[in-house]
Amino acid sequence: MRIGVPKETKTLEGRVALVPAAAGDLVSRGHEVWIEAGAGEKSRFSDDDYARLGVKIAPDAAALYEKGEMIVKVKEPIEGDLAHLRRDHMLFCYLHLAAEPVLTRRLLDIGLTGVAFETVELPNGDLPLLAPMSVVAGKIGVQVGTHLLHQPEGGKGKLLGGMPSTERGKVIVFGAGKAGGASAALAAAAGANVVVFEMRQDRMDEMMRLGNNVTALYPYRDVVARELASADLVIGAVLVTGAKAPHVATREMIAGMEPGSVLVDIAIDQGGCFETSRPTTWKEPTYVEEGVTHFCVTNMPGAVPQTSSQAICATILPWVNKLASAPNWRDDAALVRGINVEGGQLVHPALKGMSL
């Protein structure tokens with residue numbers, strides 16, 4: 001199969017879907033792999049790194065999309081990409097369509113087959129292609145949130161881990177999956193007092209094992225409001241596979257937080273899990289609402305493209321090979337669950353009730 005890897009076009013997005021070694025592996029399996037010139041540069045991979053492994057270099061996006069049968073990229077297509085996509089393309093990337101009705105309508109009009117990384121689902125409910133970027137986003141959420149608490153950034157001027165004779169910072173994390181778990185672990189290691197809201201008992205147990213400075217609670221509305229009132233940094237990391245994220249904190253609750261507190265919404269790709277959230281970019285990453293600094297960048301892992309590209313590629317490569325090699329790939333239930341749109345129709349159950 002002819003596999004095309006375009007340059008990412010989202011604002012300050014530096015990732016590339018296939019690193020040179022992975023693209024070369026696909027070439028050795030008999031596939032023809034094309035990459036758009038410069039697609040790997042922000043991840044520190046040159047065109048020569050690809051070419052020496054047998055990967056073909058397309059001079060621009062138009063040529064890349066013309067050559068590719070399966071388009072493998074990281075983030076959802078935006079205007080420049082949509083102009084090149086065709087009905088006969090298979091698109092394999094993060095889509096997050098539940099929060100993007102306009103994009104969904106465009107993909108339906110094109111009529112292509114769109115398989116989303118985030119909805120490829122194993123029988124036990126695990127989302128293997130979402131996991132690595134969730135971990136990266138979880139770590140970035142704490143790193144960025146710590147910085148935004150600094151007084152020159154408009155924050156409280158509070159050191160998250162504290163020190164003798166001072167209070168520790170308080171971090172609240174909603175959700176103890178891959179992203180939330182990574183956030184909680186990093187915040188706890190930094191010495192903060194961490195409260196994790198989670199509904200699953202097994203995940204609560206896992207969070208409690210992070211240390212004596214971690215508390216796991218069920219998200220009762222009254223308890224959430226109480227804990228938010230004294231929080232310094234809040235991380236939102238809740239997920240409903242393929243669907244819009246539920247709001248776990250209302251505007252009223254957020255208005256009750258102290259000025260200069262920080263809120264990071266990792267769930268923003270799926271619409272955001274706070275009532276006051278709206279998407280931002282790495283170019284303009286923050287805004288202040290109800291006195292609280294909001295960080296809602298929709299491609300957080302794009303800030304560390306070398307690490308992110310290596311992590312995502314190692315995860316998606318077997319699935320890329322399966323899609324490209326097996327005429328009966330639809331026998332794989334996990335990949336079938338990943339189909340979001342096909343032939344102008346909404347396929348994934350979480351999307352079928354969308355208003356377009």
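The values are calculated or read from the model by the stated rules, or taken from the named source; none is laboratory data. Computed from a prediction, not measured in an experiment: that's the story for all the values here. When we count neighbours, we look across all protein chains shown, and the Cβ atoms used for this are built from the backbone with ideal geometry, even at glycine.
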Per the filter on the stretch 255-271, residues surrounded by 23 or more Cβ atoms within 10 Å (Cβ to Cβ) and within 18 Å of LEU233 (Cβ to Cβ) are SER261, VAL262, LEU263, VAL264, ASP265, ILE266, ALA267, ILE268
In the stretch 21-52, what residues are among the aromatic types (Phe, Trp, Tyr) and either assigned to a helix (DSSP H, G or I) or surrounded by fewer than 19 Cβ atoms within 10 Å (Cβ to Cβ) (or both)?
-> TYR50
Scanning the stretch 282-299 for residues that are outside any loop (DSSP other than H, G, I, E, B) and either modelled with pLDDT under 95 or not hydrophobic (A, V, I, L, M, F, W, C) (or both) gives THR286, TYR287, GLU289, THR293, HIS294
Return a yes/no flag: does the stretch 155-173 have any residue that is at pLDDT below 95, out of contact with any Asp or Glu (no Cβ under 8 Å at 6 or more places or on another chain) and closer than 17 Å to ALA267 by Cβ.
-> no
Which of the residues spanning the stretch 110-130 are under 16 Å from ALA314 (Cβ atoms) and in contact with a strand residue (DSSP E or B) (Cβ under 7 Å, 6 or more places away or on another chain)?
-> PHE117
Out of all the residues in the stretch 203-218, which are over 15 Å from ALA179 (Cα atoms) and either free of Cβ contacts under 8 Å to residues at least 24 places away in the same chain or of a type in the set (Lys, Arg) (or both)?
-> ASP205, MET208, ARG209, GLY211, ASN212, THR215, LEU217, TYR218
Within the stretch 304-322, of all residues that are touching an Asp or Glu at 6+ places or on another chain (Cβ under 9 Å) and among the hydrophobic types (A, V, I, L, M, F, W, C), the one surrounded by the fewest Cβ atoms within 10 Å (Cβ to Cβ) is LEU317
Which of the residues belonging to the stretch 53-103 are within 20 Å of GLY38 (Cα to Cα), part of a helix (DSSP H, G or I) and under 26 Å from the mean Cα position of the chain (by Cα)?
-> ALA61, LEU64, TYR65, GLU79, GLY80, ASP81, LEU82
Would you mind stating whether VAL240 is assigned to a strand (DSSP E or B) and either more than 20 Å from the chain's Cα centre (by Cα) or closer than 30 Å to PRO123 by Cα (or both)?
-> no
